[in-house]
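Participant: The structure's right below; bear with me while I get my questions together.
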Amino acid sequence: MVRAVTPPEWFLAAAAALGLGLSKAGLAGIGLFHVVVFAFLFGARESTGYVLPLLVAGDICAVIALHQHVRWEYVRRMLPPACVGVSLAALFMGQISDTTYKPLIGWIVLILALMHVARLRWPDWMGGVPHTPPAVWTIGLFAGAATMLANAAGPIVALYCIAVGLPKFEVVGTLAWFFFIINVFKIPFSAGLGLIRSDTLMLNVVLLPAVIVGVLSGRWIVHRLPQRVFDLLMLAFATLAALRLILG
């Protein structure tokens with residue numbers, strides 16, 4: 001059962017849901033914010049079940065808004081290894097405690113934050129990665145495991161899309177479809193692990209409007225706010241929060 005949530009915790013949860021919607025609209029720097037907040041509120045392992053239905057709702061909004069920008073060849077390349085990564089990570093999740101899971105989430109968030117900072121500093125740092133099946137499978141397996149363990153694979157797939165030279169809107173559109181498919185694929189695994197239940201879905205219903213507002217406002221913000229500045233601020237917060245998870 002969902003424990004009693006205090007008013008300050010409701011505020012944090014709503015802010016995290018809003019940030020989730022913003023990340024689905026293309027503000028990638030805020031994409032780690034909801035991971036950390038939900039892990040603090042509900043426990044690192046349990047939080048993945050709280051977040052997944054909200055992610056699917058955000059994916060649906062993003063797909064509707066950006067369907068014309070998808071590059072299907074890259075979605076098709078990444079899905080098979082990502083599905084394998086999800087399946088392997090689901091087996092791993094059932095065997096670890098929350099005390100182990102909490103620092104693991106922190107390390108995943110920290111590594112992804114550092115990867116995203118590297119991308120901002122050196123946009124072409126992955127430009128030399130060969131477009132070979134071994135490279136695609138390595139990235140896909142890592143992305144699938146990270147999205148199952150922490151719902152935090154956005155920077156990994158974004159780095160791949162940038163490395164193959166996709167323009168900004170094609171990156172966002174491809175990410176929208178890829179994560180819609182992979183997040184729907186994850187639902188039976190999360191439900192089987194007892195992470196998605198009727199009580200967690202009730203909380204999702206309450207937070208759903210914040211996700212929708214985030215997606216809609218994100219499309220407005222992305223054209224007016226320098227994304228580099230916004231990303232750096234959100235990544236700084238995510239890095240500090242990740243360190244807090246790691247250190248306890």
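Participant: Quick one: if you stick a label point 7 Å off each Cα along the C-beta vector at Leu240 and Gln95, how many nm between them?
Facilitator: 3.8 nm
Participant: Let me ask something else about it. For P(r) over Cα pairs in 10 Å bins from 0, in percent, pick the label among [x] 8, 34, 41, 16, 2, 0; [y] 7, 29, 31, 19, 10, 3, 0; [z] 7, 29, 35, 21, 7, 1, 0 that corresponds to the value derived from the coordinates.
Facilitator: Given [x] 8, 34, 41, 16, 2, 0; [y] 7, 29, 31, 19, 10, 3, 0; [z] 7, 29, 35, 21, 7, 1, 0, the structure-derived one carries the label [x].
Participant: Further question: Nearest 500 deg cm²/dmol is fine: what mean residue ellipticity at 222 nm does the chain get from its DSSP H runs of n ≥ 4 alone, each adding -39,500 (n - 2.57), divided by its residue count?
Facilitator: On the way: 10 runs with 195 residues, N = 248.
Computed ellipticity for the chain at 222 nm equals -27000 deg cm²/dmol.
Participant: Then there is this: Give me the number: length gained by fully extending Leu120 to Ser198, i.e. 0.36 nm times residue separation minus the C-alpha to C-alpha distance, one decimal in nm.
Facilitator: Working: separation 78, 0.36 × 78 = 28.08 nm, distance 4.02 nm.
In short, 24.1 nm is gained.
Participant: Sticking with this structure for a sec: Tell me, how many Å apart are the Cα centres for the stretch 58-120 and for the stretch 137-170?
Facilitator: Using only Cα atoms to place each centre, the spacing works out to 7 Å.
Participant: Fewest first, what order do Ser217, Ser23 take by the number of other Cβ atoms within 10 Å? Don't skip to the end; give the middle numbers.
Facilitator: Numbers: Ser217 15, Ser23 26.
Fewest-to-most ranking of Ser217, Ser23: Ser217, Ser23.
Participant: Still on this structure, please answer the following. Need one number: nm distance between label points at Trp107 and Ala191, each 7 Å from Cα along Cα→Cβ, rounded to one decimal.
Facilitator: 3.2 nm
Participant: Evaluate the charge dipole of the chain about its Cα centre and quote only its size in Debye, nearest 20, assuming +1 on the Cβ of each Lys and Arg and -1 on the Cβ of each Asp and Glu. Walk me through the numbers before you get to the answer.
Facilitator: Details: 16 positive and 9 negative charges, 50 e Å.
Charge dipole, the chain, about its Cα centre: 240 debye, nearest 20.
Participant: Still on this structure: Arranged by the count of other C-beta atoms within 10 angstrom, fewest first, what order do Met93, Met115 take?
Facilitator: Working: Met93 18, Met115 15.
Ranked by crowding around the Cβ, least crowded first: Met115, Met93.
Participant: Where in the chain are the DSSP H helices whose alpha-carbon span along the long axis reaches 27 Å or more and whose Kyte-Doolittle mean is at least -0.5?
Facilitator: Working: long enough: 44-66 (31 Å, 1.30); 72-93 (30 Å, 0.88); 98-121 (34 Å, 0.88); 168-192 (36 Å, 1.23); 198-221 (34 Å, 1.48); 227-247 (30 Å, 1.59).
Qualifying helices, which must be both long enough and hydrophobic enough, are 44-66, 72-93, 98-121, 168-192, 198-221, 227-247.
Participant: How would Leu141, Leu66, Leu201 line up from fewest to most surrounding beta-carbon atoms within 10 angstrom? Before the final figure, lay out each step's value.
Facilitator: On the way: Leu141 19, Leu66 22, Leu201 13.
Fewest-to-most ranking of Leu141, Leu66, Leu201: Leu201, Leu141, Leu66.
Rule-based calculations on the coordinates, nothing more; no lab input. Keep in mind that this is a model prediction, so the values were computed, not measured. Reconstructed Cβ throughout: ideal geometry from the backbone, glycine too, with neighbour counts over all protein chains shown.
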